Amino acid sequence: MIRTATPEDIPALYALVRELAAYEKALDEVVASEDQLRRALFGERPAVYAHVATADDDNGGDSGEVIGFALWFLNFSTWRGVHGIYLEDLYVRPERRGGGHGRALLAELARICVERGYQRLEWSVLDWNAPAIAFYESLGARPQDEWTVYRLTDGPLARLGTV
């Protein structure tokens, strides 16, 4: 049901990234290409990783079909002195939700954390995504309300980077 992504999964991963962006009402913000995703995951020095959830039953999909993914990278806690995992994206196709694939993807990342001695598995969720919030909280995850995410992109990033 869950496996490490391979280069052959890139078209499916890219399609799922676009589906996730559409779900989050931000499809127009996707400027990445399949080739960029391929280089990021499987290039000379990959710094991002992916696992995929595949269909494993007769619920309308072909066995082995990629129906969800988790894309992640390492972060570091100066307070704990060890790496952790930052989950950039978690997505399971809507018609396949409720089958345990999202939980299995998170469980695999938690297993990696435990195996490697990482002490945190973190991610962000949109405030309006009540189904995702309920799912994460059912697993024991808790919001970090005292932190606000900031982001520099586009013009402001370019201006600051050329000072």
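The values are calculated or read from the model by the stated rules, or taken from the named source; none is laboratory data. Worth saying up front: this structure is predicted, and the values here are computed from it rather than measured. Glycine also receives a Cβ, built like all others from the backbone with ideal geometry; neighbour counts cover every protein chain displayed. Quick note on the areas: whole protein, heavy atoms, side chains included, nothing else; ligands and nucleic acids left out. Shrake-Rupley method; radii C 1.70, N 1.55, O 1.52, S 1.80 Å.
The set of residues from segment 18-31 being out of contact with any Phe, Trp or Tyr (no Cβ under 8 Å at 6 or more places or on another chain) and either assigned to a loop (DSSP other than H, G, I, E, B) or of a type outside the set (Lys, Arg) (or both) comprises Ala21, Ala22, Glu24, Lys25, Ala26, Leu27, Asp28, Glu29, Val30, Val31.
Going by the conditions given, is Gly68 in contact with a strand residue (DSSP E or B) (Cβ under 9 Å, 6 or more places away or on another chain), touching a residue at least 24 places away in the same chain (Cβ under 8 Å) and not in a loop (DSSP other than H, G, I, E, B)? So Gly68 passes the test.
Look through Asp62, Asp28 and report the one residue that is of a type in the set (Asp, Glu) and modelled with pLDDT of 95 or more.
Unique residue meeting the criteria: Asp28.
Restricting segment 7-48 to residues that are among the hydroxyl-bearing types (Ser, Thr, Tyr) and surrounded by 13 or more Cβ atoms within 10 Å (Cβ to Cβ), the residue that is nearest to the chain's Cα centre (by Cα) is Tyr14. Within segment 77-131, the set of residues being of a type in the set (Gly, Ala, Ser), touching an Asp or Glu at 6+ places or on another chain (Cβ under 9 Å) and within 16 Å of Ala50 (Cα to Cα) comprises Gly84 only. Criterion applied to Glu122, Glu115, Glu108 was being in contact (Cβ under 8 Å) with a residue 60 or more places away in the chain, farther than 17 Å from Val17 by Cα and either open to solvent by 50 Å² or more (accessible area, probe 1.4 Å) or touching a strand residue (DSSP E or B) at 6+ places or on another chain (Cβ under 9 Å) (or both), and the one residue passing it is Glu108.
Of the residues making up segment 125-147, one or more are hydroxyl-bearing (Ser, Thr, Tyr), out of contact with any Lys or Arg (no Cβ under 6 Å at 6 or more places or on another chain) and surrounded by fewer than 12 Cβ atoms within 10 Å (Cβ to Cβ). Scoring Glu88 on the criteria (1) in a strand (DSSP E or B); (2) among the acidic types (Asp, Glu); (3) open to solvent by less than 40 Å² (accessible area, probe 1.4 Å) leaves a single failure, condition (3). Listed by first and then second residue, the pairs with beta-carbon distance under 6 Å, at least 6 apart or on different chains, first residue in segment 8-24 and within 17 Å of Phe42 (Cα to Cα), second assigned to a helix (DSSP H, G or I) and of a type in the set (A, V, I, L, M, F, W, C), are Ile10/Leu37; Tyr14/Leu37.
Count of segment 17-57 residues, restricted to those that are within 19 Å of Val125 (Cβ to Cβ), in contact with a Gly (Cβ under 7 Å, 6 or more places away or on another chain) and of a type outside the set (Gly, Ala, Ser), is 0.
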